2 protein chains.
Amino acid sequence: MTSESAANLLVTPEELAGESLRVEGDRYRHLFRARRLARDERLRIVDGEGGARWAEVAALDRRHAELRLLAAAPANDPARRVDLVVAAPRPERAAWLVEKATELGVYAVRFVSSERAVRGVDGKTLERLRRIAVAALEQCGGARLPELSGPHALGELPRLPTAGAWYLLDPMASETLPAGGDEAAAVLVGPEGGWSDQEVTMLAAAGASRVRLGERVLRVETAAIAAAALLLAS
Amino acid sequence: MTSESAANLLVTPEELAGESLRVEGDRYRHLFRARRLARDERLRIVDGEGGARWAEVAALDRRHAELRLLAAAPANDPARRVDLVVAAPRPERAAWLVEKATELGVYAVRFVSSERAVRGVDGKTLERLRRIAVAALEQCGGARLPELSGPHALGELPRLPTAGAWYLLDPMASETLPAGGDEAAAVLVGPEGGWSDQEVTMLAAAGASRVRLGERVLRVETAAIAAAALLLAS
């Protein structure tokens, strides 16, 4: 069995370090109702921080199961760190963005407020987005959950935990976003109305390079996912 | 006013060729309720086939408007032809795929049936997807609507109207999908359960190159949009 077809289960780092794991409740339903695992079948358990091990179903009844934890499994996480710093879109668009960013292996999605952004993001929305990220991680076979945070003020950006290149997406820029690379990178995606001139000036002064993705006006989540796909290409 | 901020209206090629255009009904609501255009304001009209002109609001009352058609406007369409040939995902995922493919400037989205695909795509779904493409085109400022078609049998593929390179996405391939380029390209995206061995053999025999997008199992629409972003990068 390869990691491509194995069921994945998110556990805590403590659970990942153990020798066995008891499964019930939501986790039981995920593995034995939705994924229909059987006794002796193999699965992959991941800790959301990049750790992954194989496991097998050692015992199974109608409400519980016991997993035996085995050797380390491939993490399937990209080597490159790519952060998306985006003007918060509407909730259903934010949900898509987080699902797709998780699948592609983005390191963090941070929501910023900007002069022309329609809305921020509240704690309840972030909680929902975290559940979406967990489901996406279990589906795609990665081992690391993206950090989700916000709302941040643009002025906080220089203090956000990241390193490497900062790219500011702007349809009027003359340079294009370069594909591939190893250096950590963060992409700033403004609202559909664009950043204000003041914001562009501030972000450029803080070291962000203005780059474009074609000539069109992309929605926030489209631009963010297209940029992540480019930067994470090997 | 640049094309980045102009309202866009999809018209027919015959209308695009005229000197003026009367606007009422849905088009009126799009321009004068949703986008709140005023008299003398400029907009961009596109024909869905790559033609674009500037126009201005010459007359306006509470239910109709008269547009005066002006000089040619930038089309904002990518030079490269990229087709997506995808195993039909669930309707809401197909809708997202078509919206994003339209924004990025994909030439065609064709839905294929495959051994492990959950569903095809019916005429009603295609009609809904066309409306989504129109809204996305007007939002992003492109001039050409993608062709939407299906369901196709995999055996039809060699006869589908395309040219250039065929890429078959496969997480187990050793080569990666190359970013950028000019040659027309089509990307085959299988269902989440993967193509069957028989299908891979048939598609490879028909000339498709097996390539991967990272190590993860991406959902159909994620893989399709990531591939389109890479191939359309300049």
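The values are calculated or read from the model by the stated rules, or taken from the named source; none is laboratory data. Keep in mind the model is a prediction, meaning the values are calculated, not measured. Here the Cβ positions follow ideal geometry from the backbone for every residue, glycine too, while neighbour counts run over all protein chains shown. Quick note on the areas: whole protein, heavy atoms, side chains included, nothing else; ligands and nucleic acids left out. Shrake-Rupley method; radii C 1.70, N 1.55, O 1.52, S 1.80 Å.
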(message) Going through A:34, A:87, A:73 one at a time, which residue ends up being in contact (Cβ under 8 Å) with a residue 60 or more places away in the chain, within 14 Å of chain B (Cβ to nearest Cβ) and of a type in the set (A, V, I, L, M)?
(response) A:73
(request) Consider only pairs whose beta carbons are under 6 Å apart and that are at least six residues apart or on different chains; among these, list those whose first residue lies in the range A:1-22 and is over 23 Å from residue A:130 (Cβ atoms) and loosely packed, with under 12 Cβ neighbours inside 10 Å and whose second residue is at pLDDT 95 or above and among the aliphatic types (A, V, I, L, M). (result) A:19/A:69
(message) Within the range A:167-201, take every residue that is closer than 21 Å to residue A:89 by Cα and β-branched (Val, Ile, Thr) and give me the one that is surrounded by the fewest Cβ atoms within 10 Å (Cβ to Cβ).
(response) A:200
(request) Could you pull out every one of the strands (runs of 3 or more DSSP E) wholly within the range A:78-164 that has 2 or more residues that are closer than 18 Å to residue B:222 by Cα and of a type in the set (A, V, I, L, M, F, W, C)? (result) A:82-87, A:108-113
(request) Specify the residue that is nearest to the other protein chains (Cβ to nearest Cβ); the eligible residues are those in the range A:52-65 that are surrounded by 14 or more Cβ atoms within 10 Å (Cβ to Cβ) and either acidic (Asp, Glu) or within 25 Å of the chain's Cα centre (by Cα) (or both). (result) A:52
(request) Check residue A:199 against each of (1) over 25 Å from residue B:99 (Cα atoms); (2) in contact with a helix residue (DSSP H, G or I) (Cβ under 7 Å, 6 or more places away or on another chain); (3) not in a helix (DSSP H, G or I) and name the one condition it does not meet. (result) (3)
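In the range A:204-222, which residues are open to solvent by less than 10 Å² (accessible area, probe 1.4 Å) and either more than 14 Å from chain B (Cβ to nearest Cβ) or not polar (S, T, N, Q) (or both)?
A:211, A:220, A:221 - these are the residues of the range A:204-222 that are open to solvent by less than 10 Å² (accessible area, probe 1.4 Å) and either more than 14 Å from chain B (Cβ to nearest Cβ) or not polar (S, T, N, Q) (or both).
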(message) Taking the condition of being open to solvent by 10 Å² or more (accessible area, probe 1.4 Å) and among the polar types (S, T, N, Q), how many residues in the range B:66-102 meet it?
(response) 1
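When the range B:99-135 is examined, which residues are found to be within 12 Å of another protein chain (Cβ to nearest Cβ) and under 9 Å from the mean Cα position of the chain (by Cα)?
Hits for the range B:99-135 are B:99, B:100, B:101, B:102, B:103, B:104, B:105, B:106.
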(request) Filter the range B:37-86 down to residues that are charged (D, E, K, R) and over 26 Å from residue B:104 (Cβ atoms), then give me how many there are. (result) 9
(request) May I ask you to verify whether residue A:46 is more than 14 Å from chain B (Cβ to nearest Cβ), surrounded by 19 or more Cβ atoms within 10 Å (Cβ to Cβ) and of a type in the set (Val, Ile, Thr)? (result) no
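So that you can scan it fast, the table gives a plain yes or no per residue for (1) without any contact (Cβ under 8 Å) to a residue 40 or more places away in the chain; (2) closer than 25 Å to residue A:79 by Cβ:
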residue: B:183; (1), (2): no, no
residue: B:189; (1), (2): no, yes
residue: B:208; (1), (2): no, no
residue: B:215; (1), (2): no, yes
residue: B:222; (1), (2): yes, yes
residue: B:230; (1), (2): no, yes
